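Participant: Below: one structure in structure tokens.
The values are calculated or read from the model by the stated rules, or taken from the named source; none is laboratory data. Values in this document were obtained by computation on a predicted structure and should not be read as measured data. With ideal geometry, Cβ positions are generated from the backbone for all residues, glycine too; neighbour counts draw on all protein chains shown. Keep in mind that these areas ignore ligands, DNA and RNA; they rest on the heavy atoms of the full protein, side chains included. Shrake-Rupley method; radii C 1.70, N 1.55, O 1.52, S 1.80 Å.
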Amino acid sequence: MDDLYPSRITSEPQMLPRLDPVVHSSWTPDAPISEEMARQFDADGYLVLPDLFSPAEIETLQAEAGRLLAYPDALDPETVIAEPGGAEVRSIFEVHAQSALMARLAADERLAGLARFLLNDGVYLHQSRLNYKPGFHGKEFYWHSDFETWHVEDGMPRMRALSMSVLLAENTPNNGPLMLIPGSHRTFLTCVGETPADHYKQSLRKQEYGVPDETSLAELAQAGGIVAPTGKPGAVVVFDCNVMHGSNGNITPFPRANAFLVYNAVSNQLQSPFGAETPRPSFIAARAVAEIAPAVGPITEDAR
Ligand SMILES: O=C(O)CCC(=O)C(=O)O
């Protein structure tokens, strides 16, 4: 298969044009978002949906996240990633496979239906995780385009995927909310440096390859600025697979907990990695397509 987005090959970074649409459907009045919101997602590469989930639903999801974080020994050890240089949990991967409630959240029509519209296809979960940024010690996530890694290390062919961050704790300006560079999703910034074998084992704590260079990052940020959407639990940040993003550390006493769900179009199934010997394991990048069936109605404890 042709590599439309070659990265980690040249000795200097390059800014290549995006060759795929951002909003893959044409907007119609029965779309799950307004025309203005679809236009905004297209232009900026992200969208904030406040109050998508009710306080009762969020309480249920928070209790589940609390249980998952409190008993990491009950989880598949490979999926539990500690903070760099620490023992506190940073991320729990494949959270939908380890919690029926998280699977219910991922299938919820408010999320999956929106993903289906934006990607104009059936969707499946490429990745799910609970990203926890503990108070005082939570470390940053450095700037990156998810697609760069998914393409090079997982074999995702096209930009036809997106992420949703469901806020389970309040994200304030101070506790390390997600930061994004609006408009950066229109440029594919290539990275420098060949991918070493088993790179994922180290990169889940701290990434060293697939890291964009500072000059190009500065150029993107000067053009688009930097936003850091905040919100109460129950809000959702939707962002394109190629938007440049990251987040600061959390030295406040207030932990930040977000459920991260990555939807990929069924037609954009993974191929052999475009720049790595072997694909990353399926708990990080699902290789089987399990199309999501719509789930409607409120999320309750019954889903456990
Ligand atoms: O949780 C965050 O602040 C950022 C996480 C992130 O960038 C990612 O999971 O790709």
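Participant: Mind giving me the FRET efficiency for residue 78 and residue 302? R0 is 41 Å, r the Cβ-Cβ distance, nearest 0.05 is fine.
Facilitator: 0.90
Participant: Could I ask something else about it? Where does the chain land at 222 nm, in deg cm²/dmol rounded to the nearest 500, when only DSSP H runs of n ≥ 4 count, each adding -39500 (n - 2.57), divided by all residues?
Facilitator: -5500 deg cm²/dmol
Participant: With no solvent and one equal point scatterer placed on each C-alpha of segment 1-45, evaluate the Debye formula and give log10 I(q)/I(0) for q = 0.16, 0.27 Å⁻¹, two decimals.
Facilitator: -0.61, -1.00
Participant: Next question. With N denoting the number of residues in segment 112-255, provide Rg(C-alpha) divided by 2.2 N^0.38 Å, to two decimal places.
Facilitator: Against the compact-globule rule of thumb, the ratio is 1.06.
Participant: Now, a different point. Got a sec? Charge dipole of segment 168-247, +1 on Cβ for Lys and Arg, -1 for Asp and Glu; which of 223, 187, 168 is way out at the positive end?
Facilitator: 168
Participant: Over 19 Å, how big is the tail of the calculated P(r) for segment 206-304, in percent of all Cα pairs?
Facilitator: When all Cα pairs of segment 206-304 are counted, 66 percent exceed 19 Å.
Participant: Per residue Cα convex hull volume for segment 1-100, in cubic angstrom?
Facilitator: 237
Participant: While we're on this one: Can you work out the FRET efficiency for the pair residue 291 and residue 25, with r the C-beta to C-beta distance and R0 = 25 Å, to the nearest 0.05?
Facilitator: Calculated value: 0.90.
Participant: Turning to a different aspect of this structure: Per residue, how large is the accessible surface of segment 122-198? Use a 1.4 angstrom probe and give square angstrom.
Facilitator: 28
Participant: Continuing with this model, one more query. Cα atoms only, the chain: Rg and Dmax in Å?
Facilitator: Expressed in Å, the Cα Rg and Dmax of the chain come to 18.0, 54.
Participant: Sticking with this structure for a sec: Tally Lys/Arg at +1 and Asp/Glu at -1 over every other residue whose Cβ is under 12 Å from the Cβ of residue 122; what's the total?
Facilitator: Residues close to residue 122 contribute a combined charge of 0.
Participant: A further question follows. If you take the charge dipole of the chain about its Cα centre, with +1 on Lys and Arg Cβ and -1 on Asp and Glu Cβ, which of 199, 253, 24 is farthest toward its positive end?
Facilitator: After comparing all options, I get 253.
Participant: Turning to a different aspect of this structure: Along each principal axis of its Cα atoms, how long is segment 256-304 end to end? Whole angstroms, biggest number first, please.
Facilitator: So the extents along the principal axes, rounded to whole Å, are 43, 30, 16.
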